[in-house]
There are 2 protein chains.
Amino acid sequence: MKSRKLLMIPGPIEFEPKVLQALGAPTTSHVAPNFIESFGNCIALMRKVWLAPTGQPFVVAGTGTFAMDMAAANLIEPNDNVLVISTGYFGERFAEIAKRYGANVTILASKVGDIVSLDDIEKALSTKKYKLLTITHVDTSTGVLVNPKPIAELAKKHHTLSILDGVCSVAGEEIRQEEWGIDVVLTASQKAVGVPPGLALLVVSQKALEVFNNRKTPVGNYYADFNNWLPIMKAYESRQASYFGTPPVNLIAALEVSLLQIVAEGMDNRFLRHQKIASAFREAMMALGLKLLPVHKNLSANTLTAVYFPKNTTGSIFLSHIGKNDVILAGGLLPSHKTKYFRVGHMGSVNNNDIIATIAAIESALSASKFPFEIGIGLKTALKILND
Amino acid sequence: MKSRKLLMIPGPIEFEPKVLQALGAPTTSHVAPNFIESFGNCIALMRKVWLAPTGQPFVVAGTGTFAMDMAAANLIEPNDNVLVISTGYFGERFAEIAKRYGANVTILASKVGDIVSLDDIEKALSTKKYKLLTITHVDTSTGVLVNPKPIAELAKKHHTLSILDGVCSVAGEEIRQEEWGIDVVLTASQKAVGVPPGLALLVVSQKALEVFNNRKTPVGNYYADFNNWLPIMKAYESRQASYFGTPPVNLIAALEVSLLQIVAEGMDNRFLRHQKIASAFREAMMALGLKLLPVHKNLSANTLTAVYFPKNTTGSIFLSHIGKNDVILAGGLLPSHKTKYFRVGHMGSVNNNDIIATIAAIESALSASKFPFEIGIGLKTALKILND
């Protein structure tokens with residue numbers, strides 16, 4: 001499917017060979033003892049990766065958007081007030097989803113590349129009673145990183161549930177779901193979790209499940225209904241098979257392999273690795289004279305970086321130069337800025353080789369574009385940080 | 001994941017090695033030219049497999065139940081009248097889903113193992129105006145086969161849309177969607193389509209899309225909304241990338257391989273192969289003195305067979321004898337009869353070797369259970385039919 005070109009987009013990413021082997025292995029029955037063991041183990045491992053020892057994991061066939069949909073459909077009832085803290089495309093999407101389930105949505109949107117201030121969030125929470133708020137941890141469209149910890153604290157203080165869209169962050173950016181008191185942390189398999197696309201993954205707090213259990217109206221979305229999935233998750237975790245829909249056996253087998261690798265690395269080590277590689281990449285871009293989309297490098301994610309194309313270049317031509325150097329990067333996603341920037345994913349199994357090769361390909365494209373810069377300065381900058 | 005034991009359950013099934021290879025191949029970007037080509041090709045190939053030259057295919061990450069949910073959520077508005085023709089567990093499920101979207105549901109349920117008569121369906125359609133009706137082609141819980149052709153004709157006559165739950169039939173049982181005038185034919189990847197679980201697949205008629213386009217209320221389910229997916233399907237078919245959710249790249253690559261194999265076999269050949277193998281298996285079971293769950297063999301599916309356990313045996317022990325003979329079969333699913341019968345899947349890449357081995361394993365289990373029968377009679381009966 002893929003040549004040896006490096007896939008450095010914000011998902012799908014480069015996957016570990018053992019994960020791909022598990023994915024392509026002959027499928028077993030969804031009630032086979034070894035599959036029951038794998039599925040049950042995935043549920044237990046998710047709690048470790050999410051750092052949510054009492055949370056309830058869900059593993060369901062779907063995309064990251066389905067994970068958002070599942071959180072919203074189960075926790076929102078018509079006329080609930082919902083506060084969406086938006087730093088880009090996926091914040092807007094969460095607002096659209098919440099409205100679909102009848103919420104009165106208030107959007108606090110940042111300027112492009114910036115975040116919403118804690119003051120503004122506190123002000124909003126003090127003005128109106130919100131049932132829940134949503135945070136996009138890393139908006140894949142902008143590469144902006146939001147610190148969810150103080151927002152979750154504010155939410156708790158105001159008796160508001162917090163949902164963290166961690167599609168581009170879980171298992172890459174630091175998240176301590178339970179310690180930080182976040183009620184739902186959701187993601188998709190193909191990002192830092194390191195499994196090809198097709199799985200929606202959520203961990204839900206007991207408090208959020210209690211709110212769910214006290215619903216007055218049925219969940220608007222049948223497939224997403226926790227009532228359908230909760231008995232399945234509980235059954236497999238206690239090493240019993242149970243049926244609602246056929247679980248995506250191969251993807252779940254691959255998930256177990258990846259989660260075991262993640263837990264073996266250790267969450268703190270993993271967060272640090274992502275931070276170091278991201279820092280090396282960001283500093284390299286700035287040393288080359290390129291500008292990041294986040295207004296300050298401290299707002300830049302550790303899982304992906306959004307960079308403006310160099311002045312006087314056409315984005316598509318610049319990206320094709322990079323492609324000729326065997327690295328695949330992504331274009332922009334934010335409608336207003338789509339043609340002005342590119343995105344580089346560096347998460348999951350990403351290593352120093354990958355990021356060095358990516359910087360080299362960008363330097364080669366800059367040379368081909370006759371952009372004035374000192375050749376090697378990006379590589380040198382990155383290497384110093386990586387070797388620190 | 002699986003040993004060399006034969007997996008003869010009604011999905012997941014034994015998959016072709018080339019399909020598994022595609023699934024486990026290194027993941028490419030969802031906007032890579034070769035993936036765009038694969039996805040576009042899948043959409044075109046689905047029309048050939050569904051025999052629906054003007055239908056609109058949808059390929060979305062999810063289960064078969066999600067495919068049912070997608071059909072219902074998009075075509076039902078609150079207070080619509082919906083007629084569910086039920087032959088088991090999955091008919092009941094369709095009724096539950098339709099209710100979730102506000103439908104007034106009438107269920108015409110058959111006795112266990114039987115079908116609903118055309119007279120009863122015609123009577124229902126004449127009594128009340130129904131917006132749509134649902135048919136379970138093969139109910140995976142009972143192995144009962146319904147002939148959808150005359151029901152679709154009745155629906156057409158009464159200006160009612162028809163939805164065929166083909167989860168356990170598409171690419172195995174004869175379906176000529178367009179010739180027969182069925183508005184939606186839906187399935188999941190892990191059955192006769194021959195791809196590990198994780199994809200919901202639908203083909204929707206232009207008439208149904210027109211009904212969808214004239215909706216007065218928004219679709220209750222965000223993830224399932226045709227409005228989100230239609231532009232994506234059209235883009236990829238015209239060999240352009242487009243984004244709503246990250247497509248399950250590896251599953252779609254595997255789907256292309258399987259659909260190419262199906263089309264290469266030819267739909268008529270494929271229907272015949274399924275009929276012949278099913279007939280050999282049914283006749284073998286009857287020759288052994290076992291009873292089918294369908295009340296008449298003509299009502300028995302060609303993709304799976306439900307068989308009552310032999311008298312005076314305990315189901316779980318009987319199935320474990322079969323397991324010791326390296327064949328994996330499934331237990332019952334219909335709550336009222338769950339412990340009384342077992343189910344054998346014979347679809348997709350199933351071949352004569354598989355069915356002969358399965359019959360041999362059942363004969364061995366009968367011997368171990370001290371069931372009175374002539375050893376070899378099942379095998380002999382089957383072989384005669386297979387060699388015909």
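Points worth noting:
- Anisotropy class of chain B from Cα gyration tensor, a/c 1.5 cut: oblate
- The lysine pair tally for segment A:81-221, using Cα distances under 19 Å and a gap of 8 or more places or different chains, is 25.
- Residue of chain B whose Cβ sits closest to the axis mapping B onto A, with distance in whole Å: B:G24, 1
- Annotation note: trypsin sites (Lys or Arg not before Pro) in segment A:47-119 located in DSSP loop regions with a Cβ neighbour count of at most 10 within 10 Å are A:K111.
- Ranked from shortest, the separations from the 7 Å Cα-to-Cβ label point of B:A241 to its equivalents in the other copies are 3.9 nm.
- Each of B:E283 and B:L260 was given a label point 7 Å from its Cα along the Cα-to-Cβ line. The distance between the two points is 3.7 nm.
- Among A:H159, A:H137, A:H346, residue whose mean-square fluctuation peaks in a GNM of chain A (springs only between Cα atoms under 10 Å): A:H159
- Cα-based helix-to-principal-axis angle, B:249-265 vs chain B, degrees rounded to 10: 70
- Gyration tensor verdict on segment B:304-357 (Cα atoms; rounded if a/c is under 1.5, prolate if a/b is larger than b/c, oblate otherwise): oblate
- Each copy carries a label point for A:A109 at 7 Å from Cα toward Cβ; from one copy, the others' points are 5.0 nm away, ordered from shortest.
- Acute angle (nearest 10 degrees) that the helix B:89-100 long axis makes with the longest principal axis of chain B, alpha-carbon atoms: 20
- Residue order, fewest to most surrounding Cβ atoms within 10 angstrom, among A:E283, B:E173: A:E283, B:E173
- With the simple model of a label 7 Å out from the Cα in the direction of the Cβ, A:E37 to B:S316 spans 1.9 nm.
- Shape class for segment B:275-388: rounded, because the ratio a/c of the largest to smallest gyration tensor axis (alpha-carbon atoms, square roots of eigenvalues) is under 1.5.
- Ranked by how many other Cβ atoms sit within 10 Å of their own Cβ, fewest first, the residues A:T217, B:T160 fall in the order A:T217, B:T160.
- For B:K338 and B:F373, the difference between the fully extended length at 0.36 nm per residue and the C-alpha to C-alpha distance is 10.1 nm.
- Cβ-vector label at 7 Å, B:T314, separations to other copies in nm: 7.5
- Summing Lys and Arg as +1 and Asp and Glu as -1 over all other residues whose Cβ lies under 15 Å from the Cβ of B:V211 gives a net charge of +1.
- The C-alpha atoms of chain B define a longest principal axis, and helix B:33-50 lies at about 70 degrees to it.
- Euclidean distance of C-alpha centroids, segment B:290-316 and segment A:291-335, integer Å: 60
- Put the Cα centre of segment A:164-243 next to the Cα centre of segment B:202-255 and the gap is 25 Å.
Each value in this text was obtained by applying a stated rule to the coordinates, not by laboratory testing. As the structure is a computational prediction, the values presented were derived from the model and not from experiment. Backbone-built Cβ (ideal geometry, glycine too); neighbour counts: all protein chains shown.
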